[in-house]
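**Student:** This is the structure I want to talk about, given as structure tokens.
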Amino acid sequence: MPKRGKKKVEDEVLPEEKEVAEPEPKKAKKSGAKTEKEADGPILYQDPPDKLTAPSGKKYTLKVTSWNVDGIRAWFKKKGLEWVCEENPDVLCLQETKCAEKQLPAEVRDLAEYPHKYWACSDDKEGYSGVALLSKTKPVDVTYGIGEEEHDKEGRVITAEFPSYFLVTAYVPNAGRGLVRLEYRQRWDVAFRSYLQGLAARKPLILCGDLNVAHQEIDLKNPKGNKKNAGFTPEERDGFTKLLEAGFIDSFRHLYPDTPYAYTFWTYMMNARAKNVGWRLDYFLVSKDLLEGLCDSKIRSSALGSDHCPITLYVAV
């Protein structure tokens, strides 16, 4: 926690959407001595080679990429779409698009590689929230929201049903500055968990997106300074724990249980990304019946274009 009288970076919030910020790293001790790690520079996450086969021997049949783009028009200008074309997932899920469908860049709207495109945006606030799902193959069905009016006004969830699985992409609401939406977030967690359980009872399920919580201390750089901040409150972390207890698997932590410094979000302030002062807020969760086919869960931390990096899932379905 920064010293008394020191301006806190977590008090700085990016316009409208970006509700999670990182406190400024602690100053070095008065002696000026630095730890060995500081002297060597920041520790960056190195994305290991992709694993295309599960331990069970099953080869992946589905590749999904998820990315909080922090405004799809700005992301496009930063060449985010070029990275997607190189990654070449079967399904692309985007969060925080901040854009009505009619305002999309033509290159995104007309993207031939993904002929099946679905968009959701806020009913009340233009340029707020928003998710998208782009697929090479046509889903059996697509729905928007979770079926509860209180939670379906901000364009936060798209569900695509395919023959052998459900794919849900979500931009989970944040508790906000001063935790002004924490009570709402807790109601959301209960309702969203119930919605996902209902789907998973019908067929295997994949959930991806910005879930706006760092689950464990390993999932953010400065856990001690953030226990009362949005994204790392006990209430939000408990909500995520309950989601796992309901039968869903955090694919990255299942495969890499002790891997540190693996973050997906860095505030634009304080040169946080270069210092790897970040949070893991973006996830692929899978229902237990997909575990045998789980091949890899990737954090593409070197991909630029947003204050989040993309993540990719390889799974046999």
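The values are calculated or read from the model by the stated rules, or taken from the named source; none is laboratory data. Every value quoted in this text rests on a predicted model; they were computed, and no experiment measured them. With ideal geometry, Cβ positions are generated from the backbone for all residues, glycine too; neighbour counts draw on all protein chains shown. Please note that ligands, DNA and RNA were not included when accessible areas were found on the heavy atoms of the full protein model with its side chains. Shrake-Rupley method; radii C 1.70, N 1.55, O 1.52, S 1.80 Å.
**Student:** Taking the mean number of other Cβ atoms within 10 Å as a proxy for protection, how do you rank 263-276, 131-144 from highest to lowest?
**Tutor:** The most tightly packed comes first, giving 263-276, 131-144.
**Student:** Here's something else I'd like to know. Where nothing but the Cβ of Lys and Arg (+1) and of Asp and Glu (-1) is charged, how large is the charge dipole of region 45-165 around its Cα centre, in debye to the nearest 20?
**Tutor:** Dipole magnitude for region 45-165 comes out near 500 debye.
**Student:** Taking N as the number of residues in the chain, what value does Rg over Cα atoms divided by 2.2 N^0.38 Å take?
**Tutor:** 0.97
**Student:** I want the local charge near T53. Using Cβ-Cβ distances under 15 Å, sum +1 for each Lys or Arg and -1 for each Asp or Glu among the other residues.
**Tutor:** Summing Lys and Arg as +1 and Asp and Glu as -1 gives +2.
**Student:** Past the 22 Å Cα-Cα mark, which pairs from K125/K228; K58/K242; K153/K228; K63/K288; K77/K102; K63/K117?
**Tutor:** K125/K228; K58/K242; K153/K228
**Student:** Tilt of helix 182-200 relative to the longest C-alpha principal axis of the chain, in degrees (0 to 90, nearest 10)?
**Tutor:** Helix 182-200 and the main axis of the chain meet at about 30 degrees.
**Student:** By the gyration tensor of its Cα atoms, with a ≥ b ≥ c the square roots of the eigenvalues, what is the shape of region 104-213: rounded for a/c under 1.5, prolate for a/b over b/c, or oblate?
**Tutor:** oblate
**Student:** So if I place +1 on the C-beta of Lys and Arg and -1 on the C-beta of Asp and Glu, and nothing else carries charge, what would the dipole magnitude of region 110-235 be about its Cα centre? I want it in debye, nearest 20.
**Tutor:** It comes to approximately 460 debye.
**Student:** May I ask you to give the solvent-accessible area per residue for the chain, in square angstrom, as obtained with a 1.4 angstrom probe?
**Tutor:** 46 Å²
**Student:** For region 177-317, rounded, prolate or oblate, judged on the Cα gyration tensor with a ≥ b ≥ c (square roots of eigenvalues), a/c < 1.5 rounded, else prolate if a/b > b/c?
**Tutor:** It is oblate, given that a/c is not under 1.5 and a/b is not larger than b/c.
**Student:** Okay, helix-only estimate at 222 nm for the chain: each DSSP H run of n ≥ 4 adds -39500 (n - 2.57), divide by all residues, round to 500 deg cm²/dmol; what do you get?
**Tutor:** After summing the helix terms and dividing by the residues of the chain, the value is -5000 deg cm²/dmol.
**Student:** Magnitude of the Cβ-charge dipole of the chain, K/R +1 and D/E -1, about the Cα centre, nearest 20 debye?
**Tutor:** 1200 debye
**Student:** Then there is this: Please name whichever of L81, V168, T143 sits farthest to the positive end of the charge dipole of the chain, dipole taken about the Cα centre and charges placed at Cβ: Lys and Arg +1, Asp and Glu -1.
**Tutor:** Comparing the listed Cα positions along the dipole, L81 ranks first.
**Student:** Over region 213-300, what is the mean sequence separation of C-alpha contacts under 8 Å (at least six apart), divided by residue count, expressed as relative contact order in percent?
**Tutor:** 35 percent
**Student:** Taking 8 Å as the Cα distance limit and 6 or more residues as the minimum spacing, I'd like the relative contact order of the chain as a percentage.
**Tutor:** Contact order relative to length: 23 percent.
**Student:** Give the angle, between 0 and 90 degrees and rounded to the nearest 10, that separates the Cα long axis of helix 234-245 from the longest principal axis of the Cα atoms of the chain.
**Tutor:** 40 degrees
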